[in-house]
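Below is one structure, written out as structure tokens; the observations come after it.
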Amino acid sequence: MILLPAHWCAAGALLGLIAGSFVALLTWRLPLGQAPTGRSKCDNCGAPLSPAELLPVVSFLWQRGKCRHCGTGIAPRHLAIELICAAAGAAVMARWPGVDGLLLALAAWWLIALVVLDVEHFWLPDVLTLPLIPLALLVPGPPLPERLWGAGLGFASLWLVGFAYRRLRGRDGLGGGDPKLLAGLGALLGAWALPLLITAAATLGLGLAGWDAVRGRAVTATTRLPFGALLAAAALLLVWLGPGWKELVQ
């Protein structure tokens, strides 16, 4: 049987739902200091969940968004993350059918987990940022030397920016996970992607700050933005574009 792009798209969506269920669990438990392994249970009453209650999306709709044991509403974030991962998997594997697309989708789901943690907690844990570097080297992409340079320059550039800011202002301006994340993104996309990633993330950050100002929220020099999430969001677009992203800057 010949697998057409539509088949790979459907496979990406299905795998994305499964991955999204795990990402939702992982990003919920890690900030609480809990291991992502172990029996799934209700976040409120702690009742163990049956296999039917673990079906991505379907179980949420079947239970009308509530735990069938205690009636407490299930956090909508779980459903949102499952759908986002499904969409990412479908989009990547439709554009890049085959094993290469599967590896790129895995990288996309990994980045989505980091986006969620940074948006919700301003936290990029080493347990996710550091393994991203060797994982990125396994994903189809630029030549290995370019990716190794990307990892090194990605880490060094943001580490130096954070160091200089701390010396000049006496406080942290970047989280400790941002340089490690950019090292992983450099390993994934190569050194030439770094200026585009940083520019895109800064532009998105300015847009978010402007949107907050329009909504009447105070925006000051100390306003925190999830810069790592913005970097990862820009990288997700480049992952989908594949090697063709270089045409954007040529």
Tell me, which residue of the range 99-119 that is modelled with pLDDT under 95 and in contact with a Phe, Trp or Tyr (Cβ under 7 Å, 6 or more places away or on another chain) is least open to solvent (accessible area, probe 1.4 Å)? GLY101
Is it the case that the range 212-229 has a residue that's open to solvent by less than 70 Å² (accessible area, probe 1.4 Å), at pLDDT below 85 and not in a loop (DSSP other than H, G, I, E, B)? yes
Check off (1) without any contact (Cβ under 8 Å) to a residue 60 or more places away in the chain; (2) open to solvent by less than 50 Å² (accessible area, probe 1.4 Å); (3) more than 16 Å from the chain's Cα centre (by Cα) for LEU25 and give me the number that stays unchecked. (3)
With (1) of a type outside the set (D, E, K, R); (2) in a helix (DSSP H, G or I); (3) within 20 Å of the chain's Cα centre (by Cα) as the list, and ALA10 as the residue in question, which single condition is left unmet? (3)
Whether any residue in the range 138-149 is basic (Lys, Arg) and loosely packed, with under 12 Cβ neighbours inside 10 Å is what I want to check. no
Any residue that is among the small types (Gly, Ala, Ser), open to solvent by less than 50 Å² (accessible area, probe 1.4 Å) and within 28 Å of ALA91 (Cβ to Cβ) - is there at least one of those in the range 41-51? no
So which of CYS85, CYS67 is open to solvent by less than 20 Å² (accessible area, probe 1.4 Å), in contact with a Phe, Trp or Tyr (Cβ under 7 Å, 6 or more places away or on another chain), farther than 19 Å from LEU137 by Cα and of a type outside the set (Gly, Ala, Ser)? CYS85
Would you be able to tell me the number of residues in the range 150-182 that are over 18 Å from the mean Cα position of the chain (by Cα) and open to solvent by less than 30 Å² (accessible area, probe 1.4 Å)? 3
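The values are calculated or read from the model by the stated rules, or taken from the named source; none is laboratory data. Because the structure is predicted, anything quoted here is derived from the model rather than measured. Here the Cβ is made from the backbone with ideal geometry for all residues, glycine too, and neighbour counts use every protein chain on show. When the accessible area is computed, the model is the full protein with side chains, heavy atoms only, and any ligands, DNA or RNA have been set aside. Shrake-Rupley method; radii C 1.70, N 1.55, O 1.52, S 1.80 Å.
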